[in-house]
Amino acid sequence: MSLAEPAALPVATSAAPRLHVLKRFSSRFKTSLPAYLLLLPSLVFLALFTYGAMGRVFIDALYQRATPKAPVRFVGLDNINAVLADPAFVGAVVNNLIYAVGTAIPSIGLALLFALALSRTHAVNSALRAALFLPVLIPMVAASALFLFIFLPNVGLLDYYIGRFLPVLPNWLGDPDIALYAIMVITIWKNAGYYMLFFLAGLQAVPEDVMEAAHLDGAGPYRRFRHIILPELKPTFLFVIVIATLNAVTQVDHVFVMTKGGPSNSTNLVLFYIYQQAVEHYDIGKASAATLLTLAALMGLTALSFRTMANREGGP
Amino acid sequence: MKLLEALWKDAPLATRGEITPKLGFLLTVLLAIVWLIPFLWMGVATLRPASDGINAMAELMPSLKPTLDNIRDAWEIGDFPRYALNTTFICAGILLVQFVTITLAGFAFARLSFAGKTLIFYMFLMQLMLVPVLLIVPNLKLVAQLGLYDTLTGVMMPFFASAFGTFLMRQAFEAIPTELEDAALIDGASLFQRIRHIYVPLSMPSFSAFAIISVTSHWNDFLWPLMVINSPDKRPLTVGLSVFTATAEGTQAWGTIAAGTLMVIAPLLVTFLIFQKRFISSFVTSGIK
């Protein structure tokens, strides 16, 4: 079967009756060969950097070096136990949970507000949408550079305009009780415009005549929102929550630029902890163990979003 | 109020008098202004002369004596042309290889039937979940083993296959009528000729949507290039900007930081403002980059 032959033909030949199992298998393989060749380039890179990477995390998590120069030796679950016993890791997990909830809820809420307010398309709304979308485009590192000054004590933008109304000027990034929330503000600012797009798309599905009929039946804006718009947006909510959670785990660039996890680990997030273990402490075993635990934690989410995503991609 | 009424003139007649939607709109306008303040400050601070002093740095009113000194300083200290070149090279390299891999794989999913299709489909889907950035540790080790540590190729490699792109192309290819392919088949066109001359030209909108998502996301990548790149002359813009910011922060040169940030994000902002509609519709299809 050469590549030049039609795509539809293999279906007919694979249905040949009473073939020996092995023969049938090989003929099925032969008819599938063109497809495999086309998929090969993608599968090679996926094998190296996705599946292979997962396998290597699994193995690396089981080995450890006594000293940086010593050969690796098998230590079983020691790395996992060491990570779980590390107060820095537990702190990072707790921070990450606060960070996930504290960024997802406000940014999704704001995104919904923006989408509802700007759902009808005209020049004014398009300009407002663009303004709210701008932060999505810029690198997190650039956003961090701007917010470094915004949060700068005494002379920064926030203190200059708002600080004068406060009795005591807080040190936004220097106070362990506040720094994590300051970091969260950047994430909300950066992501709300992105989630707004999905709600705008979702709102297209709400039929205008149903809304008008509801109004004629005496339903005010709140009841129309509660009983017509919200149910219609349910799939959008699920999808956006998944993305927001993934972002909460994977977007840590601002932690690196602004606080390096400090002060006293108050802004340390899981991925930054992994980075520290691998790059600063050269502890691949512990970094892999932490990666493994993070992957495992995301599996629950994976199960949920797999179905949503498979539906979105139209199934196999 | 007159203005608000003008904006609502196409709303259903029955709901036009309601007050809640208008309050929501006003709140959104207010927040949109707040959303723009960091950008406004960046522009104003870039043009502010150092002689205005640190205490005027936060002032959002533009300085009366605008200067380009900050831009010049940032340009000289930061080596931004080199960083921009590296970032461009990384984005272009990733995109070119992705175009090949996603076209071939997308075609296989769209038009061919083969054993294990469901399994392979889910294997691709898995990449959408296991965002590459989570796998930085094992991937750094692999890149080092391949001898690609501290090379731009090493930065690019994990992104050469894209499940998102594959699904996007599959969708585009499925929408193309099979009659076109059949006609080419009768004329004796080979598989690659059919992909090259029928499927690819008819899927340009999907390619451009994918290009927008791919380039913006890799333009903004930070943690991965930070780990792979060691030599200063191979840094992409994001890594360069973080080093630059850390240096300038020590000397409280906020005008220079604003100018450096402006230079890094200006290409993206200008492109966005020109192709706004296309950007927005691409990002809607993205979901996960």
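Here, each number is a calculation from the coordinates, and none is a lab measurement. Note that this is a predicted model, so its numbers are computed, not measured. Quick reminder, even Gly has a Cβ in these numbers, built from the backbone with ideal geometry, and neighbours come from all protein chains shown.
Mean separation of Cα pairs under 8 Å and 6 or more residues apart, divided by the residue count, gives chain B a relative contact order of 28 percent.
Could you state, as a whole-number percent, how many of the C-alpha pairs of the protein assembly as shown are farther apart than 39 Å?
36 percent
Label-to-label distance, B:Glu174 versus A:Lys260, with points set 7 angstrom from Cα along the beta-carbon direction: 5.0 nm. Using C-alpha pairs below 8 Å separated by at least 6 residues, the relative contact order for the range A:160-314 is 23 percent. Compared with the rule-of-thumb size 2.2 N^0.38 Å for a compact globular protein, chain B has a Cα radius of gyration ratio of 1.29.
As a footprinting exposure proxy, order B:Ser281, B:Ser51, A:Ser107 by other Cβ within 10 Å, with the fewest listed first.
Details: B:Ser281 15, B:Ser51 10, A:Ser107 25.
The order, fewest Cβ neighbours first, is B:Ser51, B:Ser281, A:Ser107.
The trypsin sites (Lys or Arg not before Pro) found in the range B:3-103 that occupy coil by DSSP, while having at most 14 further C-beta atoms within 10 Å, are B:Lys9, B:Arg16.
What's the FRET efficiency of B:Leu30 with A:Asp217 using the Cβ-Cβ distance as r and R₀ = 30 Å, to the nearest 0.05? Show your work: numbers first, answer last.
Details: r = 32 Å, r/R0 = 1.08.
After rounding, the FRET efficiency stands at 0.40.
Listed peptides A:48-55, A:81-88 appear in the order A:48-55, A:81-88 once ranked by packing, highest mean of other Cβ atoms within 10 Å at the front.
Put simply, the Cα atoms of the range B:94-167 extend 41, 23, 18 Å along their principal axes, the longest span coming first. Direction-averaged projected area, Cα convex hull, the range A:135-275: 11.3 nm², rounded to one decimal.
For the range A:29-101, taking the reciprocal of the average inverse distance between every pair of different Cα atoms yields a Kirkwood hydrodynamic radius of 15.9 Å.
Please order A:Leu22, B:Leu269, B:Leu140 by the number of other Cβ within 10 Å, starting at the fewest.
Values: A:Leu22 8, B:Leu269 14, B:Leu140 21.
Sorted ascending by nearby Cβ count, the order is A:Leu22, B:Leu269, B:Leu140.
Using a 7 Å offset from Cα along Cα-Cβ at B:Val284, what residues in the range B:140-171 end up with backbone N under 17 Å from the label point? Residues passing the 17 Å test: B:168.
At q = 0.09, 0.11, 0.12, 0.13 Å⁻¹ the log10 of I(q)/I(0) for the range A:78-312 amounts to -0.48, -0.69, -0.80, -0.90, computed by Debye summation with a single uniform scatterer per C-alpha, solvent ignored.
Only helices enter the 222 nm calculation for chain B: every DSSP H run of n ≥ 4 contributes -39,500 (n - 2.57), and dividing by all residues gives -21500 deg cm²/dmol, rounded to 500. Couplings 3J(HN,Hα) for the range B:22-38, derived from phi with the Karplus relation 6.51 cos²θ - 1.76 cosθ + 1.60 (θ = phi - 60°), are 6, 4, x, 5, 4, 4, 5, 4, 4, 5, 4, 5, 4, 4, 7, 4, x Hz, where x marks Gly and Pro. Note on the range B:144-261: Rg/Rh from C-alpha atoms, Kirkwood Rh, equals 1.20.
For a modelled paramagnetic label at B:Ala266, 7 Å from Cα along Cα-to-Cβ, the residues of the range B:65-89 in reach, with backbone nitrogen under 18 Å, are B:66-88. Sequentially through the range A:276-288, phi angles give Karplus couplings (6.51, -1.76, 1.60; θ = phi - 60°) of 4, 4, 6, 8, 8, 9, 6, 9, 5, x, 5, 4, 5 Hz, Gly and Pro residues having no value and appearing as x.
Residue by residue through A:74-87, how many Cβ atoms from other chains fall within 10 Å of the Cβ on average?
Values: counts 0, 0, 0, 0, 0, 0, 0, 0, 0, 0, 0, 0, 0, 0.
Other-chain Cβ atoms within 10 Å of each residue's Cβ, averaged: 0.
Shielding value for B:109-119 is 6, the average number of Cβ atoms from other chains within 10 Å of each residue's Cβ. The three principal axes of the C-alpha atoms in the range B:2-67 carry coordinate ranges of 58, 16, 15 Å, sorted with the longest axis first. The calculated 222 nm mean residue ellipticity attributable to helices in chain A amounts to -20500 deg cm²/dmol, summing -39500 (n - 2.57) over DSSP H runs of n ≥ 4 and dividing by all residues. Rg/Rh for the range A:88-172 (Cα atoms only, Rh after Kirkwood) is 1.07.
So what is the relative contact order of the range A:128-212, in percent, for Cα pairs below 8 Å that sit 6 or more residues apart?
Values: 54 pairs, mean separation 26.8, N = 85.
It comes to 32 percent, rounded to a whole number.
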